[in-house]
Amino acid sequence: METHSNKAIEDAPRDEGNWRVLPFEGHFEFAYLDVAGRPSLRHVHALEVKVGPAKLLLGGVDEETGTYRGFRVDRIGTLKDAETGEVVSRNILDWLLKRAERHARRRPRAA
């Protein structure tokens, strides 16, 4: 059985190799360009932001496939917060980092 303090530890920022993982949650819809430049509209239940060498990923469950995906933030055109309706079309990287920081401040501290 998961305890409250175990959940706090799992939600703590952590390092994975060269990546810094900042957990947070949200539901987003965004315009995305894949590596070949093909546009798509994505619906994602976000779980974390991963900060790595020269890139930032929004990690979460792609609602179309039901699988975990990492989306490069520099390929996101416009992002909509499905819960609040807020639309972000500039400085998406900064907006996501600030949101992850707010999540970290709100989470309970491990006992």
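Cβ-Cβ contacts under 6 Å between residues 6 or more apart (or on different chains), taken from a first residue in region 70-84 that is closer than 12 Å to R42 by Cα to a second residue that is surrounded by 14 or more Cβ atoms within 10 Å (Cβ to Cβ) and charged (D, E, K, R), are listed as K80/E29; A82/E29. Could you tell me whether R72 is closer than 19 Å to R14 by Cβ and either surrounded by 15 or more Cβ atoms within 10 Å (Cβ to Cβ) or out of contact with any Pro (no Cβ under 6 Å at 6 or more places or on another chain) (or both)? Against the criterion (closer than 19 Å to R14 by Cβ and either surrounded by 15 or more Cβ atoms within 10 Å (Cβ to Cβ) or out of contact with any Pro (no Cβ under 6 Å at 6 or more places or on another chain) (or both)), R72 does not qualify.
Suppose we filter region 25-50 for residues that are under 10 Å from the mean Cα position of the chain (by Cα) and either without any contact (Cβ under 8 Å) to a residue 60 or more places away in the chain or surrounded by 15 or more Cβ atoms within 10 Å (Cβ to Cβ) (or both); how many remain? Within region 25-50, residues that are under 10 Å from the mean Cα position of the chain (by Cα) and either without any contact (Cβ under 8 Å) to a residue 60 or more places away in the chain or surrounded by 15 or more Cβ atoms within 10 Å (Cβ to Cβ) (or both) number 10. A104 - would you say it is in contact with a Lys or Arg (Cβ under 9 Å, 6 or more places away or on another chain) and of a type in the set (G, A, S)? No; evaluated as a whole, the condition is false for this residue. Being loosely packed, with under 11 Cβ neighbours inside 10 Å and basic (K, R): is that true of R106 here? Spelling it out, R106 is indeed loosely packed, with under 11 Cβ neighbours inside 10 Å and basic (K, R). Out of K80, K98, one residue alone is among the charged types (D, E, K, R), within 14 Å of the chain's Cα centre (by Cα) and within 22 Å of N18 (Cα to Cα). It is K98. Does L79 count as modelled with pLDDT under 95 and in a strand (DSSP E or B)? Here the answer is no, as L79 does not meet what is asked. Filter region 2-27 down to residues that are at pLDDT below 90 and β-branched (V, I, T) and give me whichever is farthest from A46 (Cα to Cα). The extreme case among them is T3. Among the residues making up region 65-82, those that are of a type outside the set (G, A, S) and either in contact with a helix residue (DSSP H, G or I) (Cβ under 7 Å, 6 or more places away or on another chain) or over 11 Å from F28 (Cα atoms) (or both) are T65, T67, Y68, R69, F71, R72, V73, D74, R75, I76, L79. Considering only residues in region 87-96 that are free of Cβ contacts under 8 Å to residues at least 12 places away in the same chain and touching a strand residue (DSSP E or B) at 6+ places or on another chain (Cβ under 7 Å), the one that is surrounded by the most Cβ atoms within 10 Å (Cβ to Cβ) turns out to be V88. Looking across region 51-64 at every residue that is free of Cβ contacts under 8 Å to residues at least 24 places away in the same chain and not in a strand (DSSP E or B), the one that is surrounded by the most Cβ atoms within 10 Å (Cβ to Cβ) is identified as E63.
The values are calculated or read from the model by the stated rules, or taken from the named source; none is laboratory data. Only a predicted model underlies this, so the values are computations on that prediction, with no experimental measurement involved. Every residue, glycine as well, gets a Cβ built from its backbone with ideal geometry; the counts of neighbours run over all protein chains shown.
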